[in-house]
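Reviewing the structure listed below.
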Amino acid sequence: MSATTTSPSTTGAAKPSVHTGAGGVMNKRRGTIATVVMLLLALLWLFPLLWALYNSFRSYSYTQTNGYLSFGGWTLDNYQNAWSRGNFGLHLKNSLLITIPAVALTLFLSSMVAFVLARFSYRFNLTLLGVFLAANLLPPQALLIPVFKMFREIPLPTFMSESGTMLNSFWALILVNTAFQMGFCTFVLSNYMKTLPYEIYESAQLDGASVWRQYWQLTMPLVRPALAALATLQVTWIYNEFFWATVLISRGDKLPVTSALNNLRGQFFADTNLVAAGSIIVALPVLIVFFVLQKQFVAGLTLGSTKG
């Protein structure tokens, strides 16, 4: 009796084409719909930036005559005029002097606190984490008057502050941004550190590694993706922060770059194309930081997502 072989293609209906990804299986139709939806959402999200970029290369007189939906009137004068009128060179330097130390100090202190919370178990472990998170639950407006009065009474040497106090100094903005951002960074880093195998610390202890060495040479390299992701977020938040700058800084030459846009406003009207060019100048450093740390940012966001 001879065996009869049947081709799989003749025993049942053909299977629909599917796309297999890291998260599962999606058929072609759903994949196309998902792609179109995500593309539309991305365009909607980027529309303000793209619209500002488009109008920043057009002259105000041309758009007034032909409308903003017209095509033409190209010029580079908006960027040159915005840079000179807004004094962007000075204000960008001020923002760098505030943002870089504030981000570095925030990540350094947060990583130390997170290491203690994740590495050691003691009675007030969760209480300490709640204290750090409490700063993120309080609106800055509620602390405006106490912080202002406190900084007005804290003396500083004249080489650190020309006013002799924390007011009108970059130290005030560095410290207040660090205080408000530490809670979030501590929470994120402590969760990342808890995913690290405890056996590596036991091995380090057997080799005679001190607590500081376990933190600096063992833990910090392993949480580098999380640090990069937080650095990207912190640069964005602190660089764009303007509330505390208007409260603690009264001198115009010490304000951050976000204040430079106010210098582009006319007495009777605002050249929207000029303001658009200024907005692109302000946003450019943040975009550069994001694209430089893009891989680490994505890795930091997805780290531990598959651990159960």
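We did not get these values from a lab; they are worked out from the coordinates using the rules stated. Values in this document were obtained by computation on a predicted structure and should not be read as measured data. FYI the Cβ positions are ideal-geometry reconstructions off the backbone, even for glycines, and counts take in every protein chain you see.
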query: Using the count of nearby Cβ atoms within 10 Å as a rough guide to exposure, how do Val36, Val211, Val103, Val116 rank from fewest to most?
result: Val36, Val211, Val116, Val103
- request: Grab the Cα-Cα distance for Met160 and Tyr122, subtract it from 0.36 nm times how many residues apart they are, and report the gain in nm with one decimal.
  value: 9.7 nm
- request: Would you kindly state how much longer the chain becomes between Ser210 and Leu196 on full extension, computed as 0.36 nm times their sequence separation minus their alpha carbon distance, in nm to one decimal?
  value: 3.3 nm
statement: Between Leu138 and Leu43, the FRET efficiency computed from the C-beta separation at R0 = 35 Å comes out, to the nearest 0.05, as 0.45
- prompt: For the chain, what does -39500 (n - 2.57) per DSSP helix run (n ≥ 4), summed and divided by total residues, give at 222 nm, in deg cm²/dmol to the nearest 500?
  reply: -20000 deg cm²/dmol
query: Among all helices in the chain defined by DSSP H, which have a length of 18 Å or more along the axis from Cα atoms plus a Kyte-Doolittle mean of at least -1.0?
result: 28-56, 88-119, 125-137, 170-194, 224-240, 272-292
query: Considering amide H positions built from the backbone, and no H for Pro or chain starts, which residues 5 or more places from Arg58, or on another chain, come under 5 Å of its amide H?
result: Thr75
field: Links that overshoot a 30 Å alpha carbon limit, given the list Lys149/Lys194; Lys93/Lys194; Lys149/Lys254
entry: Lys149/Lys194; Lys93/Lys194
- prompt: From largest to smallest, what semi-axes in whole angstrom does segment 130-273 give when each is the square root of 5 times an eigenvalue of its alpha carbon gyration tensor?
  reply: 39, 20, 15
task: For an R0 of 25 angstrom, estimate the FRET efficiency from the Cβ-Cβ distance between Ala34 and Lys295 and round to the nearest 0.05.
output: 0.60
Sorted by Cβ density within 10 Å, fewest first, the residues Leu227, Leu44: Leu44, Leu227
- prompt: In what sequence, highest mean first, do 85-95, 156-166 appear when ranked by Cβ atoms within 10 angstrom?
  reply: 85-95, 156-166
task: Jot down the radius of gyration and Dmax of the chain, Cα atoms only, both in angstrom.
output: 26.7, 104
